[in-house]
Amino acid sequence: MKDMLSEIGIQVEIVTLELGAAKGLVRAGDFDMFMTSWGTVPSGDPAYIMEMLVSTTGDANYGNFSCPDLDKLLTKGKTTLEPQARAAIYNEIQERICRAI
């Protein structure tokens, strides 16, 4: 990854930390970029990971991303039962995240 970023002019220092130490720095906002891996979502439901990562109050929203309209869509997504309607909502959520970031 360091080499790929270097090719586009971004210089990075990769620091590997124990999970607890990394979470402490991230929660304190003491980072420029944070990368981790995720296992599979326990429920298989996109609501689980989306809420955690991008809702204003998400437990893993380490970048402090906040978009009230997106929060409303997240609520709509997790309360909609029809599969095609849910898919459309989560597609819209992903599009909005891409535009916002």
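So which aspartates and glutamates pass the test for Lys76, namely a Cα distance under 13 Å, with those fewer than 8 places away in the same chain ruled out?
In chain and number order, the partners are Glu51, Glu92.
In sequence order, what are the phi-derived ³J(HN,Hα) couplings for segment 53-58 according to the Karplus relation 6.51 cos²θ - 1.76 cosθ + 1.60 with θ = phi - 60°, rounded to whole Hz, with x for glycine and proline?
My calculation for segment 53-58 gives 8, 10, 6, 3, 9, x Hz in order.
Among Asn61, Leu73, Leu19, flag the residue with its Cα farthest along the positive direction of the charge dipole of the chain, charges on Cβ as +1 for Lys/Arg and -1 for Asp/Glu.
The Cα lying farthest towards the positive end belongs to Leu73.
On a full-extension model of 0.36 nm per residue, what is the gain between Ala21 and Ser43, subtracting their alpha-carbon distance, rounded to one decimal in nm? Mind dumping the intermediate values first?
Values: separation 22, 0.36 × 22 = 7.92 nm, distance 2.75 nm.
Roughly 5.2 nm would be gained on extension.
Rounded to the nearest 20 Debye, what is the dipole magnitude of the chain about its Cα centre when Lys and Arg each give +1 and Asp and Glu each give -1 at the C-beta?
About 300 debye.
Can you tell me how much longer the chain between Met33 and Cys67 gets when fully stretched, taken as 0.36 nm per residue apart minus their C-alpha distance, in nm with one decimal?
Details: separation 34, 0.36 × 34 = 12.24 nm, distance 2.05 nm.
Extra length from Met33 to Cys67 when fully extended: 10.2 nm.
On C-alpha positions alone, give me the angle between the axis of helix 83-100 and the longest principal axis of the chain, in degrees, nearest 10.
The answer is roughly 40 degrees.
When N counts the residues of the chain, how does its alpha-carbon radius of gyration compare numerically with 2.2 N^0.38 Å, as a ratio?
With N residues counted in the chain, Rg over 2.2 N^0.38 Å equals 1.26.
Any chance you could give the angle, 0 to 90 degrees and rounded to 10, that helix 68-79 forms with the longest Cα principal axis of the chain?
On a 0 to 90 degree scale, this one is about 60.
Below 26 Å, Cα to Cα, which lysines can Lys2 reach? Residues fewer than 8 away in the same chain don't count.
Partners within reach: Lys23.
Kindly rank 9-21, 61-73, 43-55 from highest to lowest mean number of other beta carbons found within 10 Å of each residue.
On the way: 9-21: 8.5, 61-73: 13.9, 43-55: 16.5.
Those peptides, ordered most packed to least, come out 43-55, 61-73, 9-21.
Here, each number is a calculation from the coordinates, and none is a lab measurement. It should be emphasised that the depicted structure is a prediction, and the values quoted were computed from it without experimental measurement. Counting neighbours? That spans all protein chains shown, and the Cβs are built from the backbone with ideal geometry, glycine included.
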